[in-house]
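Here, each number is a calculation from the coordinates, and none is a lab measurement. Every value quoted in this text rests on a predicted model; they were computed, and no experiment measured them. Note that we place each Cβ from the backbone using ideal geometry, even for glycine, and neighbour counts take in every protein chain shown.
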Amino acid sequence: MRFTPGPIEGLWIIETEPVIDHRGYFARAWCQDEFAEHGLKASWPQQNLQHSPRAGTMRGLHYQVPPHAEIKLVRCTKGRVFDVTVDLRPDSATYGKWAGNELSDDSRIAVWVPHGCAHGYLTLAPESDVFYLTSKEYVPESVRGVRFDDPMFEIDWPRPIDLVPDGYDTWPDFSSEMARELASLSAAEHM
């Protein structure tokens, strides 16, 4: 595997190195030791698969607050998506920045999303599947959302968004108050 640091602190792009023969290919998707060599350590108590039949479907941008903040390892196993990570960590050098990566079944790229970041994606092709691992289990009362069109982040989506998540219209703009909540929860988690 090839590991490339992303433009957000703690974000990594992981490319598999397939071994190809007449049957197709074989590639490792996860190797605990190899990830640890790059400082990437996590256990995966939950694995998720999402299917979106339509292109233009928005999933996210979600995160969980501490003590349930999660790391994600995300890949597209069918179709094509524009995957976005937004840094919500007030103490991060890349706070408020976002990074977008096109993931597809052809590219065989995965994204390591650090805790304290919102994550989501927009489908670019119909019948797209995304498979991802999470370092914490889903806890509904810890889930928060950031709107895909939040003016603080100015995310440059590569196509129109045709289908938005339920409840999207109730999510507030990300504010300094939300950042303070994250900072206090994160500080309490590390005490």
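Over the chain, Cα pairs under 8 Å with separation of 6+ residues give a relative contact order of 29 percent. What does the charge count around T170 come to, taking other residues whose C-beta lies under 15 Å from its C-beta (Lys +1, Arg +1, Asp -1, Glu -1)? Value of the local net charge: -3.
What lysines sit close enough to K41 to cross-link, taking a C-alpha to C-alpha distance under 22 Å and skipping anything fewer than 8 places away on the same chain? Reachable lysines: K72, K136. For Y138, neighbours were defined as the other residues whose beta-carbon sits under 15 Å from its Cβ, and their charges (Lys and Arg +1, Asp and Glu -1) total +1. Derived scalar couplings between HN and Hα for the stretch 74-80 equal 10, 9, 9, 9, 7, x, 7 Hz in order, rounded to whole Hz, by the Karplus curve 6.51 cos²θ - 1.76 cosθ + 1.60 (θ = phi - 60°), x for Gly and Pro.
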